[in-house]
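**Student:** Take this structure first; my questions come after.
What follows draws every value from the coordinates through simple rules; no lab data is involved. Just so we're clear, the structure is a prediction, and the values are computed from it rather than from any experiment. Every residue, glycine as well, gets a Cβ built from its backbone with ideal geometry; the counts of neighbours run over all protein chains shown.
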2 protein chains.
Amino acid sequence: MTEAEQAWTDARWRFIEAGGRTTQSFGLGRMLGQIYTFLYLCDEPRCLDDIAEGLAVSKASVSIGVRQLEGWLAVRKVWIKGDRKDFYEAETDFGVILRSGFLESLTKKLNTAGEQLAQVEDSVKQAAAGKNGDGEHLRNIARRLKDARRFHGKLNGLLNNPIVKKLF
Amino acid sequence: MTEAEQAWTDARWRFIEAGGRTTQSFGLGRMLGQIYTFLYLCDEPRCLDDIAEGLAVSKASVSIGVRQLEGWLAVRKVWIKGDRKDFYEAETDFGVILRSGFLESLTKKLNTAGEQLAQVEDSVKQAAAGKNGDGEHLRNIARRLKDARRFHGKLNGLLNNPIVKKLF
DNA sequence: AACAACATTTAGATTTTTTTAAACGATCTG
DNA sequence: CAGATCGTTTAAAAAAATCTAAATGTTGTT
């Protein structure tokens, strides 16, 4: 192996590890980033065993990770004729991944946050209504929550704005 | 305690827990969300012991969590005359938190990703140069990496775009 | 149908992260 | 300066997430 090839092997592994750290820092496990990066650095589809061997990891982990990545449209299953294995390749259009993975999960989280907000806002208003006069404390919080819900609405609108969507 | 007050107490706790799950899902611990939400639902500053008691959690956890939140400008230290304790209050302007916390950390991550990209791209080009003729495999990957770096640049530009910044 | 070649599930092991209690250090008070 | 009151650090425990080996399920082949 030439010196340049050795350097490439090293850099490649560092890159895969960096990918793992990145997904880890976003609260998705380390496997997701490693698997994706591994496939990204292959110019042809690979099967589960290839990936597991390449990452020095069990096939079970890869099986689970690959399924998550498919849900994010970050990898794609590919059939190769005459072979029963499942092959996978990386989606190279990051825009697709951002839109279908990141933005979508963000929107979903925003929705559940909005529901929680509405619930807590409602109950604080009820409690404030009970105490006429001395409920200033509760009324302050109610006001604060109203602001929060307004912000939530703005953010939601922004993410669903077609112009903003096109930016990604 | 009236029924409405009881409902508010319950809703309040569910809200705090939801906040914890949210930060957790973003890869920041659960404490951050719980502490922030707790303070958000107080209309006056609270000291470490109050927070720890309110969340049924040790003071050490709160001490650590509060420091992180300060780094994100999500909470603020407040001095109250005649009291030696440190008091904290929640930043209610979410725009501030988004800009100084979320976007900033995103930019930082993008930068390190960019460096990794440059390194691996460089070494794959070196390795490809070594094999004249049969290095098609490597050249494909080099092309792919070039695209990735272009995307990285676009994204970086977008996040630093003053117009986009103002959206947040 | 029996077998072979896979992918997937799961219970348990491992590793990592989080949390805590206790020690420590710093700052104020009398 | 001695004691009291905090916040922080740290070493160890607890909890949670991750990973694996083995079992199970599935699909295709003879």
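**Student:** If I take R0 = 51 Å and measure r between the Cβ atoms of B:L110 and A:E3 in this structure, what FRET efficiency does the formula 1/(1 + (r/R0)^6) give, to the nearest 0.05?
**Tutor:** For B:L110 and A:E3, the calculated efficiency is 0.95.
**Student:** Between A:G29, A:L48, A:F15, whose Cα lies farthest towards the positive end of the dipole of the range A:1-76 when Lys and Arg beta carbons carry +1 and Asp and Glu beta carbons carry -1, centred on the Cα centre?
**Tutor:** Positive-end residue among those listed: A:G29.
**Student:** Distance in whole Å from the A-onto-B rotation axis to the closest C-beta of chain A, together with the residue it belongs to, please.
**Tutor:** Closest Cβ to the A-to-B rotation axis, residue and whole-Å distance: A:G27, 1.
**Student:** Same structure, new question: Going by amide H atoms built from the backbone, whose H comes under 5 Å of the H on B:E91, apart from near neighbours?
**Tutor:** Sorted by chain and number, the residues that satisfy this are B:V75, B:R76.
**Student:** Treating the beta-carbon of each Lys and Arg as +1 and of each Asp and Glu as -1, no other charges, what is the dipole magnitude of the range A:1-111 about its Cα centre, to the nearest 20 debye? Each step should come with its number before you reach the end.
**Tutor:** Details: 15 positive and 16 negative charges, 125 e Å.
Dipole magnitude for the range A:1-111 comes out near 600 debye.
**Student:** Then there's this: For the Cα atoms of chain A, what angle does the longest principal axis make with the long axis of helix A:136-160, in degrees from 0 to 90, nearest 10?
**Tutor:** 40
**Student:** Test of understanding: what is the full-extension gain from A:D10 to A:D93, defined as 0.36 nm times their sequence separation minus their Cα-Cα distance?
**Tutor:** Working it through step by step, the gained length comes to 27.3 nm.
**Student:** While we're looking at this one, here's another question. What percent does the relative contact order of chain A come to when contacts are Cα pairs within less than 8 Å and at least six residues apart?
**Tutor:** Over chain A, the number comes to 14 percent.
**Student:** Related question: Per the Kirkwood treatment, what hydrodynamic radius in Å, one decimal, follows for the protein assembly as shown from the mean inverse distance over all distinct Cα pairs?
**Tutor:** Computed over the protein assembly as shown, the radius equals 22.9 Å.
**Student:** Using only Cα atoms, what is the ratio of the radius of gyration of chain B to 2.2 N^0.38 Å?
**Tutor:** For chain B, the normalised Cα radius of gyration comes out at 1.52.
**Student:** For n ≥ 4 DSSP H runs only, could you compute -39500 (n - 2.57) per run for chain B, divide by its residues and tell me the 222 nm figure to the nearest 500?
**Tutor:** -22500 deg cm²/dmol
**Student:** Shifting gears a bit: Under 1.5 on a/c is rounded, so check that first for the range B:1-56, then, if it is not, pick prolate when a/b is larger than b/c and oblate when it is not; a ≥ b ≥ c are the square roots of the alpha carbon gyration tensor eigenvalues.
**Tutor:** Details: a/c = 2.45, a/b = 1.40, b/c = 1.75.
Oblate is the answer for the range B:1-56, as a/c is 1.5 or above yet b/c matches or exceeds a/b.
**Student:** Within chain B, which is the longest segment containing none of the trypsin sites (Lys or Arg not before Pro) that sit in a DSSP loop and have at most 11 other Cβ atoms within 10 Å?
**Tutor:** Here the longest segment lacking exposed loop sites spans B:85-168.
**Student:** Applying 1/(1 + (r/R0)^6) with R0 = 35 Å to the Cβ-Cβ distance of B:D43 and A:L159, what FRET efficiency is obtained, to the nearest 0.05? Write out the running numbers ahead of the final one.
**Tutor:** Working: r = 30 Å, r/R0 = 0.85.
Here the calculated transfer efficiency is 0.70.
**Student:** Are any of the pairs A:K108/B:K146; A:K154/B:K59; A:K108/A:K146; A:K108/B:K125; A:K154/B:K108; A:K81/A:K108 more than 30 Å apart by Cα-Cα distance, and if so, which?
**Tutor:** Details: A:K108/B:K146 33 Å; A:K154/B:K59 36 Å; A:K108/A:K146 21 Å; A:K108/B:K125 41 Å; A:K154/B:K108 26 Å; A:K81/A:K108 38 Å.
Violating the 30 Å Cα-Cα cut-off are A:K108/B:K146; A:K154/B:K59; A:K108/B:K125; A:K81/A:K108.
**Student:** Under unit Cβ charges (Lys, Arg +1; Asp, Glu -1), what dipole magnitude, rounded to 20 debye, does the protein assembly as shown have relative to its Cα centre?
**Tutor:** Numbers: 52 positive and 44 negative charges, 168 e Å.
That gives the protein assembly as shown a dipole magnitude of about 800 debye.
**Student:** In nanometres, what is the gap between the two model label sites at A:R150 and A:D122, each 7 Å from Cα along Cα-to-Cβ?
**Tutor:** That separation, rounded to one decimal, is 2.2 nm.
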